[in-house]
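Read through the structure below, which is laid out as structure tokens, and then see the notes.
Just so it is clear, none of the values below were taken in a lab; they were calculated from the coordinates. Note that the structure is predicted; figures quoted are calculated from it, not measured. All Cβ positions, glycine included, derive from the backbone under ideal geometry; neighbour counts span all protein chains shown.
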Amino acid sequence: MISPGFPREMQFFTRGLREQGARVVGLGDQPEGALPAVAREHLSAYLHVDSFQDEEAVVQRVVDVATRIPLHRVECLWEPYLVLAARIRERLGLPGLTVQETIPFRDKEVMKRLLDAAGIRTPHHYSATTANGVVEAAETIGYPVVVKPIDGAGSESTHRVGSREELEGILPGLRSVPEVSVEEFVQGEDMTFDTLAVDGEILHESVATYIPRALDMKVNEWISPITLVYRELDQPELAPGREMGRRVLEALGFQTGYTHMEWYRTPSGEAVFGEIGARSPGAGLVDLINYASDIDTYAGWAECVVHGRFTQDVERKYNAAWIYKRARGQGRIQRYEGLEAILSEYGESIVEVDLNPIGAPRRDWRRQLVGDGLVVVRHPDLERTRRMAERIASHLHVVAG
Ligand SMILES: Nc1ncnc2c1ncn2[C@@H]1O[C@H](COP(=O)(O)OP(=O)(O)O)[C@@H](O)[C@H]1O
Ligand SMILES: [Mg+2]
């Protein structure tokens, strides 16, 4: 298991593997003492590397270890090391995605070209490696466009560009980005399609929406981002995205594990492809998926990987939403405003409140998606869940000073 303790979720996947009967060898750049306790307790051994920078050196370390400890699978759910995982698999002759099969999940241009060939609706797109190339692509597509790194994450260095002047304004900031995607800007909502699959067959699926769109929450500090997991998947609004998701997994030859796809739902109801990762969704979306059905997809993922099945009973009970809060003001957290009213009004539907403690320094919302804390609500009715989430977004304030 590569990076068994970081990000936070990885410890629970690691535990899942152990509970499914696997002996888990961790490979990570965190010192053993810095691993979260849950990860440490469920590892049979831990191989510490100072850094993942020199991939070949890391592969060689694992190959050496494999002469003493027989390794049967290499798993990784942390985006930066997916190719490394594939390289180790290839070297050891183990099952799972190869390097060739992993690259389309890492390079957003290769990804979209493959999906175009499969007849899937992607945004009109070009790759560019020079400032002139970006301008040329943008003018061919027509404004507004989106410019983003081909291997970006968390909307980092991602821009919506409305005109040539705006484009000239952002080009200097992109000098450090070797290759970008220039895309048609697709109007609509940001949606996800998250799956657990075995041998290409989807055994569990979930759909969520980001409110507002990920790029809007990234550029506006005052926004409290909401993510909402749908209870009811069999509604017509979600059908085009689910159908697209199946075709995408097939086109990319995904086999076993967690996947996280993003798609855009246009005002006319069309699904347009966004991106896909051969990994679990980040930022706590796994927890939200679990809350929606009272299931454990950490363990469920491990069951898929270790035993090739997913046997949890899934009763879709709730729509589940998180609301992330960003403190108002600078300095230390002074108080929470509106918390009591929200607890007394929605108490039964609130399953988690985890706010940055009073007295703690406010966090950098640009670096930590969760900002200064979160509230999680769930309810069987979609509209009620959405209304509660929106009300918490607008009426709960974490105040720093
Ligand atoms: N072609 C596009 N049209 C509209 N919005 C886009 C487009 N591409 C990206 N975005 C916005 O930027 C966000 C981040 O882009 P994405 O490709 O998902 O990269 P990341 O890996 O950073 O999440 C998306 O969730 C969406 O809000
Ligand atoms: Mg994204």
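Miscellaneous remarks
- Stokes-Einstein translational diffusion, segment 124-184 - Kirkwood Rh over all Cα pairs, 0.890 mPa s, 25 °C, in µm²/s: 222
- Bridges between two residues of the chain, per DSSP, are antiparallel at a rate of about 90%.
- When the Cα atoms of the chain are aligned to their principal axes, the ranges along those axes come out at 58, 53, 45 Å in descending order.
- Residue-wise HN-Hα coupling along segment 320-327, computed from phi with Karplus coefficients 6.51, -1.76, 1.60 (Hz; x: Gly, Pro): 10, 9, 10, 10, 9, 10, 10, 4
- Relative contact order of segment 187-317, defined on C-alpha pairs under 8 angstrom at six or more residues apart (%): 29
- Taking E56, E183, E262 in turn, the Gaussian network model of the chain (Cα-Cα springs below 10 Å) assigns the largest fluctuation to E56.
- Positive minus negative residues near P236 (Lys, Arg vs Asp, Glu; Cβ under 14 Å): -3
- Segment 93-164-segment 1-32 distance, computed between alpha-carbon centres (Å): 31
- Cβ-based net charge around E136, under 15 Å, with every Lys or Arg adding one and every Asp or Glu removing one: -4
- Over the chain, Cα pairs under 8 Å with separation of 6+ residues give a relative contact order of 14 percent.
- Cross-link reach list, lysines versus K325, counting only Cα pairs under 27 Å and skipping chain neighbours closer than eight places: K148, K218, K317
- Normalised contact order of segment 10-96, rounded percent, pairs of Cα under 8 Å and 6 or more residues apart: 23
- Euclidean distance of C-alpha centroids, segment 294-322 and segment 357-401, integer Å: 25
- Summed side-chain charge close to L174 - residues other than L174 whose Cβ falls under 12 Å, Lys, Arg +1, Asp, Glu -1: -1
- Rounded to whole Å, sorted largest first: equivalent-ellipsoid semi-axes of segment 10-96, Cα gyration tensor: 19, 15, 12
- Residue with peak Gaussian network fluctuation, the chain [Cα springs, cutoff 10 Å], from R68, R231, R246: R68
- Amide proton proximity set for E75, modelled H, under 5 Å, gap of 5+: I2
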